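The values are calculated or read from the model by the stated rules, or taken from the named source; none is laboratory data. Everything numeric here is computed off the predicted structure, so don't read it as measured data. Ideal geometry is used to build each Cβ from the backbone, glycine not excepted, and the neighbour counts take in all protein chains shown. Surface accessibility is based on the protein's heavy atoms, side chains included, excluding ligands, DNA and RNA. Shrake-Rupley method; radii C 1.70, N 1.55, O 1.52, S 1.80 Å.
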Amino acid sequence: MATGETRAKSLDLLPPAILATIMTKLDVGSICCAASTCTAFRTCASQILSFLPTFHLVDIAPSIDLLRPLLQPSNPYLRSLKVDCDRLNDSAIELLLRPPLHELCLHNCTDFSGKLLSEIGRRCRDLRSLCLGSMSEYRVQAIDISDLKELLHGCTQLEALNLMFDVSLFLHHNSAQVWALASEKLTTLEIGYIPSETVTEMLNPMLGPHELPNHIQPSILSSIQKLGLSVDYITDAMVSIISQGLVSLTHLDLRDSPLTEPEVALDLTNAGLQQLNRYGKLKHLSLVRRQEFIVTYFRRVNDVGVLFMADKCADMESICLGGFCRVTDTGFKTILHSCSRLYKLRVSQGTQLTDLVFHDITATSLTLTHVSLIFCNLLTNHAVMNLVFNKDIRVLDLRNCKNLGDEALRAISTLSQLKTLLLDGSDISDVGLSYLRWGVIGSLVRLSIRRCKRLTDKCISALFDGSCNMELRELDLSNVPNLSDNGILLLAKSRVPFSELRMRCCPLIGDTAVMALASMQVDEGIWHGSSLRLLDLCDCGGITQLAFHWLKKPYFPRLRWLGVRGSVNRDLVDALARNRPYLHVECHGEELEAD
Amino acid sequence: MADDGVNTKVEAVSKATTETIELRTEDGGVFDVDKPVAMEFLILKSFYEDEGRVFDKTSIRLPNVKQLELSKVIEYCTRALEFGAKSAAAAGDKDAERMVRQEREGFEAEFVDELSNEMLKELILAVNFLDIKEMLDFLIRSVANRIRNRSVAYVRQFFDIENDFTPQEEDQIHQENAWAFEGVDAD
């Protein structure tokens, strides 16, 4: 314990135990940073790493050499491990898979073989939650069904399984017997891609041609409460078998991306919709038809189906319907009036959805918090003006509703809890955005005004005048043709510590913008450089090699994801990659996603 | 913590003639602290309860604590007790519980916002000496929040420490940890 007079504020006086406790509250990156300050901290950090219970390293892709000193082999307390495995392969299996693990999440496992699955089953027997991303993405590494069997057989405590990749290569016939091995504790199952026929077969083994007549099968996966599947076609048969077999189902999330227009036998109809929620426990439902390959909808579902469904779903808390082009106001309104506990509503491609749906929303006792109305072109400002009577809305996604304008923004500015606002493709102007200044801008964390073609630099000066404390961290200004370097200069001057900034396809944005952002000062001038982790400059008109000078170290010290394209030299990109080996650079125009 | 239930604590705090303990700081400050609040300081609690001392009116000298720090500690502990009581009263009512939680978070955010880095460290030392677990955890979390995702230079400045690595060690560290901090080099 320290005594009296000479209390110089030095490190020596903070007891090592306290220092250690402070470090345990930090992420791995911050621990390594602290370790680089002095010898005392370095010792402390290496001790911490030997008993750290949580190890999450997802914003960079470590090589095995970087990972080895961090993942101490003798750490018996390691319970949760999350790693971006883009630079790892089977040789990292021993390092990653530890017996005490309860939670394991590995992204980008493209270079791992099926051995990863079987070894998890052998080594991580206490695992409760497993998430694997992007395995066998390039079909190079083979996974065998026996690998999955080992996994399910070994991990008897598994509660959540998330295979975020295409399982159709190894999961076909007799898949039912594999899933029969799953522990009874398995309550959550999510699969990245699986054909609906396989789903139907795996949940109802009686349909299998090889079943003996007197062979009694226990119901497969009956303990599942949360099911999330991406399939080829959502069919009546699949929905029926899911609703019948999964007696404890509370969350159902189905997405499909048809390659061809579905035949009647391979589609969802009113009859299928009626089968849902057979046991009355469903709280969250999501049925989405994506237009990934062709333009297609749930053409065989109309108001009748939705009415029957709403009748049985009075306890629903979250409903998401994507691609229901034949459902009119009647159907959507019935949902709002039947489901009194609804807090999350998401409608995408609601081609017949109009303002009338929200006309008497005040008559319901709804407390919506998440509202998404995407590609609902008949919606006007009136709908928003009624919607905002739900004062607790935290997420408002109105992308591609091209008739929404400034009056909608005036209404939105009254939402004091709003955290996310997406207005892509709407008809708003600078005046409209300035309405946000008097209210909602203080709570917003994420704002997108992509493709709002009427906006100019004036909207930046209206919103970011430095006078209020902003929580805003993610901003998407892509495809705003009149946005120029001056606007970005204003943004930089406002000193808002953004973490994500997207400015794709802005012809007037150039080197000056990059320089302005690079010169942002944070931390009272101790640290020069913006706080940006993600910057997307894809197809910005004025980017030349000068900008690349400002993208190198020591500028943008926290940058992890960068998007560049257009008239860009391959050499410049390579030089940048050498200067910043842990930066993800996207040069092909794909959207950037921060983990 | 105390043997009495939370409700008794609430009563004790709200009564005008509540029992108090006099505490003296090393720089001459004198504080009359309500007994329930003072009993949050485990160093005092064990002084009285474990050693079976009679609770009388003599004042206690705290050799390692200054006035400014003690007043902040008392402020935090008093509010923490209040929140604890409100939480207990709201048990079962989700909305009320959420409101108490938000109120507490608001108070804590404001409390820590007003503290300079120096003050934060001094408080940790004081609270560590007085052995107040809840407040210590709160202060530690606050320090972690202030140094998370910061540059090496910032962390050095925060703890007022010097770079004592040899050039070879410095190189090795750069190699190992460069991924965690890019751009802002050592001074």
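Could you run the numbers on buried accessible area between B and A, total for both chains, 1.4 angstrom probe, in Å² to the nearest 100?
4200
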Charge sum, other residues only, whose C-beta stays under 13 Å from A:Asn479's C-beta, Lys/Arg counted +1 and Asp/Glu -1: +2
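Please report the relative contact order for the stretch A:275-363, taking Cα pairs under 8 Å with a sequence separation of at least 6, and give it as a percent rounded to a whole number.
Details: 147 pairs, mean separation 26.8, N = 89.
Worked out over the stretch A:275-363, it gives 30 percent.
Rounded to the nearest whole Å², what accessible area per residue is found for the stretch A:447-595 with the 1.4 Å probe?
Values: 6220 Å² over 149 residues.
Using a 1.4 Å probe on heavy atoms only, each residue of the stretch A:447-595 averages 42 Å².
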Within straight-line cross-link reach of A:Lys281, aspartates and glutamates at Cα separation under 16 Å, skipping those fewer than 8 residues along the same chain: A:Asp253, A:Asp311, A:Asp315, A:Glu317
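Step by step: find N for the protein assembly as shown, compute 2.2 N^0.38 Å, then divide the Cα radius of gyration by it. What's the final number? All intermediate terms of the calculation are to be shown ahead of the outcome.
On the way: Rg = 29.7 Å, N = 782, 2.2 N^0.38 = 27.7 Å.
The value comes to 1.07.
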Within the protein assembly as shown: Cβ-based charge dipole about Cα centre, in debye rounded to nearest 20 (Lys, Arg +1; Asp, Glu -1): 1160
Provide the descending list of Cα extents for the stretch A:46-104 along its principal axes, expressed in whole angstroms. 25, 22, 20
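As a test of the definition: which semi-axes, in Å, follow for the stretch A:278-426 when you take the square root of five times each eigenvalue of its alpha carbon gyration tensor? Largest first, please.
Details: eigenvalues 103, 72, 36 Å².
Over the Cα atoms of the stretch A:278-426, the semi-axes work out to 23, 19, 13 Å.
What's the Cα-based Rg to Rh of the stretch A:462-595, Rh via Kirkwood?
Numbers: Rg = 13.8 Å, Rh = 14.8 Å.
So for the stretch A:462-595, dividing Rg by the Kirkwood Rh gives 0.93.
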Counting only protein heavy atoms, what percent of the accessible surface of the protein assembly as shown is carbon or sulfur at a 1.4 Å probe? 50
q = 0.12, 0.14 Å⁻¹, the stretch A:391-475: log10 I(q)/I(0) [Debye, one scatterer per Cα]: -0.29, -0.39
For the table B:Lys66/B:Lys121; A:Lys344/B:Lys94; A:Lys402/A:Lys458; A:Lys391/A:Lys493; B:Lys86/B:Lys121, the rows whose alpha-carbon distance is greater than 24 Å are A:Lys391/A:Lys493; B:Lys86/B:Lys121
Amide H partners (placed H, <5 Å) of A:Glu586, local residues excluded: A:Leu562, A:Gly563, A:Val564
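Using only alpha carbon pairs under 8 Å that are at least six residues apart, calculate the relative contact order of the stretch A:555-595 and give it in whole percent.
Relative contact order for the stretch A:555-595 comes out at 55 percent.
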Give me log10 I(q)/I(0) at q = 0.14, 0.24 Å⁻¹ for the stretch A:226-276, Debye formula, one equal scatterer per alpha-carbon, no solvent. -0.34, -0.93
Heavy-atom accessible area of A:His549 with all protein chains present, probe 1.4 Å, nearest 10 Å²? 110
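For chain A, what relative contact order do you get, as a whole percent, if you take Cα pairs closer than 8 Å and at least 6 residues apart? Don't skip to the answer; put the middle values down first.
On the way: 1386 pairs, mean separation 29.9, N = 595.
5 percent.
Summarise the long-distance tail of P(r) for the stretch A:7-77 by giving the % of C-alpha pairs beyond 19 Å. Could the numbers behind the result be given before it?
Details: 853 of 2485 pairs.
The proportion of pairs with Cα distances above 19 Å equals 34 percent.
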Determine ³J(HN,Hα), in whole Hz, for all residues of the stretch B:85-95 in sequence, where each value follows from phi through the Karplus function 6.51 cos²θ - 1.76 cosθ + 1.60 and θ = phi - 60°; x replaces Gly and Pro. 5, 4, 4, 5, 5, 8, 4, x, 9, 4, 5
Name the residues of the stretch B:116-133 whose accessible area falls by at least 20 Å² when all protein chains are present instead of the chain alone, probe 1.4 Å? B:Glu118, B:Lys121, B:Glu122, B:Ile124, B:Leu125, B:Asn128, B:Phe129
Leading residue at positive end of dipole, the protein assembly as shown (Cβ point charges), from A:Ser46, B:Phe158, A:Val384: A:Val384
Once you put a point 7 Å from the Cα of A:Lys281 and another 7 Å from the Cα of A:Ala17, both along the Cβ direction, what distance in nm separates them? 4.6
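Hey, how much of the P(r) for the stretch B:29-187 falls beyond 26 Å, as a percent of Cα pairs?
Working: 5777 of 12561 pairs.
It works out to 46 percent of all Cα pairs.
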May I have the extent of the alpha carbons of the stretch A:244-298 along their three principal axes, as whole Å values ordered from largest to smallest? 34, 20, 15
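Among A:Arg125, A:Arg346, A:Arg473, what's the order by accessible area (1.4 angstrom probe), most exposed first?
Ranked from most to least accessible, the order is A:Arg125, A:Arg346, A:Arg473.
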D for the stretch A:127-196, whole µm²/s, Stokes-Einstein with Kirkwood Rh over alpha-carbon pairs at 37 °C and 0.692 mPa s: what number? 265
